[in-house]
Amino acid sequence: MDKDQATRGALYAIGAYTLWGIAPLYFKQLTQIPAYEILTHRVIWSFLLLMLLLSALKIWPSVRAVLRQPKNLLLLTLSSVIIGLNWLVYIWAVNSNHILDASLGYYINPLFNIVLAMLFLGERFRPIQWFAVALATSGVLVQLVVFGRLPWIALVLAMTFGLYGLIRKKVPVDPIAGLMLETLVLLPLAAIYLFFIADTPTSHLGANSLNTNLWLISAGLVTTVPLLLFAGAAKRLKLSTLGFFQYIGPSLMFLVAVSLYDEPLTTDKIITFALIWCSLMIYSWDGIKQRKKQTVRTPL
């Protein structure tokens, strides 16, 4: 791989995961607006922005190809429901002062992906990888058994994002085209809710301040810009390399929660995070070791 391309890919990955990590700063500007309402704006404005991008980048043939394949269209419909649930829980978590739980969910996600790969992709894993998964699972059980609370926000975010990634792996479609079709599936529900059901002080855009409306419209950028950067990174980096950047997001969320919004780092969370971090270090160390072995075995 060209060194310049790899460097550019790394910068794109850092940009994508950094934006995802600081996204709570954006959603905290909308705490006065219900999560369902914010979600509808995220869907509507993302759809419109993606339509413009599809036209500018001339990706419409990719959309037409999916529309001619009912199976892929059905999978994208399923993925749209899953990512919609992920967005809703994430928005609610941030605006209800549960950013730490959201951070935990995205820390768990890589380990949850291991289980999904075994169940649905037929992959086999080494004992050290299973140990990492078991260690992470024990972190969740500590909260349930010892402290009597299940970190449902973290689990829902990890599961929905993992399932979403699994489904999207099975659909050969451009990321922008795929997300546009997913927002298209959600668009009717979003429009019906916003224009006919929602009845809050902020649901009537004509009555909102310009500042509030600009924040709501910006939901399209918050959704699509990181995706574009991620897509650029994925084209230029190996999947294994890209995986090491994914911890930027939850790490920044963790710092934002504790340092800016004073979320309490209680004993149960400290224990759970410590076990998750240990499991991720073991998993990452094993991945590095295996890649070194493959490099040595690969003939020049």
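Odds and ends about this structure:
- Some residue of the range 62-84 being closer than 22 Å to R236 by Cβ, in a helix (DSSP H, G or I) and over 22 Å from the mean Cα position of the chain (by Cα): yes
- Contacts under 8 angstrom Cβ, first residue in the range 206-228 being in a helix (DSSP H, G or I), partner basic (K, R), 6 or more apart: A219/R42; G220/R42; V222/R42; T223/R42
- Just one residue in the set A191, A177, A219 is surrounded by fewer than 17 Cβ atoms within 10 Å (Cβ to Cβ), farther than 29 Å from S284 by Cα, among the small types (G, A, S) and in contact with a Ser or Thr (Cβ under 8 Å, 6 or more places away or on another chain); that residue is A191.
- Residue that is nearest to V173 (Cα to Cα), among those in the range 88-115 that are out of contact with any Gly (no Cβ under 9 Å at 6 or more places or on another chain), open to solvent by 20 Å² or more (accessible area, probe 1.4 Å) and in a helix (DSSP H, G or I): L88
- Evaluating M118 against the criteria (1) surrounded by 15 or more Cβ atoms within 10 Å (Cβ to Cβ); (2) touching a helix residue (DSSP H, G or I) at 6+ places or on another chain (Cβ under 9 Å) leaves one unmet condition, (2).
- Taking the numbered list (1) farther than 18 Å from L39 by Cα; (2) open to solvent by 10 Å² or more (accessible area, probe 1.4 Å); (3) of a type in the set (A, V, I, L, M, F, W, C) in turn, F161 passes all entries but (1).
- Test: residue in the range 57-80 that is within 25 Å of P151 (Cα to Cα) and open to solvent by 70 Å² or more (accessible area, probe 1.4 Å): yes
- Options A154, A132; residue that is open to solvent by less than 30 Å² (accessible area, probe 1.4 Å), in contact (Cβ under 8 Å) with a residue 40 or more places away in the chain and closer than 30 Å to E182 by Cα: A154
- Subset tally (residues that are among the β-branched types (V, I, T) and more than 12 Å from V173 (Cβ to Cβ)) for the range 57-78: 1
To keep it simple, each residue is scored yes or no on (1) among the basic types (K, R); (2) more than 21 Å from the chain's Cα centre (by Cα); (3) open to solvent by less than 70 Å² (accessible area, probe 1.4 Å).
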{"position": "F244", "(1), (2), (3)": "no, no, no"}
{"position": "L255", "(1), (2), (3)": "no, no, no"}
{"position": "E263", "(1), (2), (3)": "no, yes, yes"}
{"position": "F273", "(1), (2), (3)": "no, no, yes"}
{"position": "W277", "(1), (2), (3)": "no, no, no"}
{"position": "I288", "(1), (2), (3)": "no, yes, no"}
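- Within the option set D262, D199, being outside any helix (DSSP H, G or I), on the phi > 0 side of the Ramachandran plot and either modelled with pLDDT of 85 or more or touching a Leu at 6+ places or on another chain (Cβ under 6 Å) (or both) holds for one residue only, D262.
- For G15, the conditions (1) farther than 21 Å from L85 by Cβ; (2) within 22 Å of the chain's Cα centre (by Cα); (3) open to solvent by 60 Å² or more (accessible area, probe 1.4 Å); (4) not aliphatic (A, V, I, L, M) all hold with the exception of (3).
- Verdict on A190 being touching an Asp or Glu at 6+ places or on another chain (Cβ under 6 Å) and more than 20 Å from A10 (Cα to Cα): no
The values are calculated or read from the model by the stated rules, or taken from the named source; none is laboratory data. Keep in mind that this is a model prediction, so the values were computed, not measured. FYI the Cβ positions are ideal-geometry reconstructions off the backbone, even for glycines, and counts take in every protein chain you see. For the accessible areas, the whole protein counts, side chains as well, though only heavy atoms, and no ligand, DNA or RNA atoms are used. Shrake-Rupley method; radii C 1.70, N 1.55, O 1.52, S 1.80 Å.
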